[in-house]
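The values are calculated or read from the model by the stated rules, or taken from the named source; none is laboratory data. What you see is a predicted model, and the numbers here were worked out from it, not measured in a lab. As a convention, Cβ positions derive from the backbone with ideal geometry for all residues, glycine included, and neighbour counts pool all protein chains shown.
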């Protein structure tokens with residue numbers, strides 16, 4: 001079989017395969033689709049252009065000595081977007097991945113990406129019905145299900161869940177219970193739990209463990225969560241000789257609940273908090289740090305009845321993490337997260353994972369915070385997968401192995417949908 005024929009078959013399979021996006025920060029329209037009014041579903045051109053990737057990028061061009069951070073954050077959203085559009089899209093070519101992503105999204109929506117101002121785009125988005133627009137975006141991205149990230153320790157979001165038990169009910173979306181503070185800020189989390197009726201104490205005295213387990217169970221049930229997630233710093237260790245409370249939380253609370261519910265713990269490890277780097281950039285101020293893979297190994301080995309979805313932020317961690325995944329069937333490696341979401345790095349990581357793991361991983365998740373980002377994240381991912389998979393199939397075809405369209409379709413389904421769904425069912 002010649003390479004072009006093989007490429008066409010791979011591309012066809014990728015174009016036809018619906019995707020289950022296992023990690024986003026998008027919400028059902030019931031959470032509100034007007035951000036200025038406290039809605040959590042972010043969408044539209046001003047949200048796209050003011051995304052924190054592009055905020056960081058514009059401050060490379062117009063530094064804070066020219067436009068102080070406090071002045072930028074005091075500007076209306078449209079003014080922020082106009083500033084970024086001028087400097088990153090008009091006066092310079094938008095060839096960064098964040099800039100290219102906005103162009104891809106606009107073009108796929110049928111809009112001209114060459115406009116010199118945002119007024120025409122704003123008019124078009126203002127005409128869209130948010131609920132129908134979700135369908136439109138999912139159709140263009142060919143995504144059949146969006147996995148939310150639901151921050152129980154965010155008072156605003158938590159209030160929405162308490163006010164309307166059906167706020168997360170939407171066949172297009174699945175909920176995930178996000179609980180970072182239980183490990184990253186235990187004393188603060190204890191105070192919140194006690195306020196909410198779950199008596200918890202920093203020293204784990206009394207019925208703390210039972211109450212923490214009850215809290216987890218209550219919110220898993222309320223959200224009908226399909227997994228529990230945490231974003232963890234590069235310094236995360238298990239076991240941690242300096243954090244016995246964290247060890248007890250994992251061993252005696254989190255792992256038993258997830259084992260009994262047969263739910264995975266999604267661990268996103270390696271983000272260095274903006275407070276340590278540049279807090280004035282807000283969401284754009286975080287940084288990457290090298291993490292310890294051995295802690296994930298320790299978890300997978302000690303808790304063999306538990307399931308772990310794992311991704312790390314540092315490029316330097318990827319080979320060791322991929323090798324670790326070969327040793328444990330209860331670990332599912334997923335995605336090219338955040339600062340790794342660049343085509344050159346995604347291609348490198350995907351080739352390595354295919355070479356070490358075959359098709360037994362999830363190559364990407366969108367991590368979209370803006371609904372529209374689903375369009376470009378998956379368009380760009382399909383292009384990379386088409387290139388990499390064609391090369392891998394061609395390698396075995398040269399040996400004499402028969403690669404069929406049916407096999408390609410099966411493998412693509414595993415990578416983009418079934419590996420994640422099957423992992424949830426185990």
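Per this entry, residue 394 is not counted among residues that are more than 25 Å from residue 328 (Cβ to Cβ) and outside any helix (DSSP H, G or I).
With the requirement that a residue be on the phi < 0 side of the Ramachandran plot and either surrounded by 20 or more Cβ atoms within 10 Å (Cβ to Cβ) or in a helix (DSSP H, G or I) (or both), what does the stretch 274-288 give you? Explain how you work it out, then say what you get.
Step one: of the stretch 274-288, the residues on the phi < 0 side of the Ramachandran plot are 274-281, 283-288.
Across the stretch 274-288, the qualifying residues are 274, 275, 276, 279, 280, 281, 283, 284, 285, 286, 288.
Selection of the stretch 307-333 for residues being buried (at least 21 other Cβ atoms within 10 Å of the Cβ) and either over 21 Å from the mean Cα position of the chain (by Cα) or under 18 Å from residue 417 (Cα atoms) (or both) yields 307, 308, 309, 310, 311, 331, 332, 333. One residue is enough: does the stretch 369-387 have a residue meeting the conditions more than 23 Å from residue 24 (Cβ to Cβ) and more than 14 Å from the chain's Cα centre (by Cα)? Within the stretch 369-387, one or more residues are more than 23 Å from residue 24 (Cβ to Cβ) and more than 14 Å from the chain's Cα centre (by Cα). The set of residues in the stretch 133-161 that are part of a helix (DSSP H, G or I) and under 14 Å from the mean Cα position of the chain (by Cα) is empty.
Looking at residue 371, is it touching a residue at least 40 places away in the same chain (Cβ under 8 Å) and touching a helix residue (DSSP H, G or I) at 6+ places or on another chain (Cβ under 9 Å)? Before the answer, list the steps.
Working: touching a residue at least 40 places away in the same chain (Cβ under 8 Å): yes; touching a helix residue (DSSP H, G or I) at 6+ places or on another chain (Cβ under 9 Å): yes.
It is true that residue 371 is touching a residue at least 40 places away in the same chain (Cβ under 8 Å) and touching a helix residue (DSSP H, G or I) at 6+ places or on another chain (Cβ under 9 Å).
Here is a yes/no grid of residues against (1) within 20 Å of the chain's Cα centre (by Cα); (2) not assigned by TED's automatic domain parsing to the domain that holds residue 151:
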position	(1), (2)
19	yes, no
43	yes, yes
46	no, yes
64	no, yes
68	no, yes
85	no, yes
90	no, yes
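The condition (being surrounded by 15 or more Cβ atoms within 10 Å (Cβ to Cβ) and without any contact (Cβ under 8 Å) to a residue 40 or more places away in the chain) is satisfied by just one residue among 45, 55, 62: 62. Of the residues that make up the stretch 166-176, is at least one more than 20 Å from the chain's Cα centre (by Cα) and assigned to a helix (DSSP H, G or I)? No, the stretch 166-176 contains no residue that is more than 20 Å from the chain's Cα centre (by Cα) and assigned to a helix (DSSP H, G or I).
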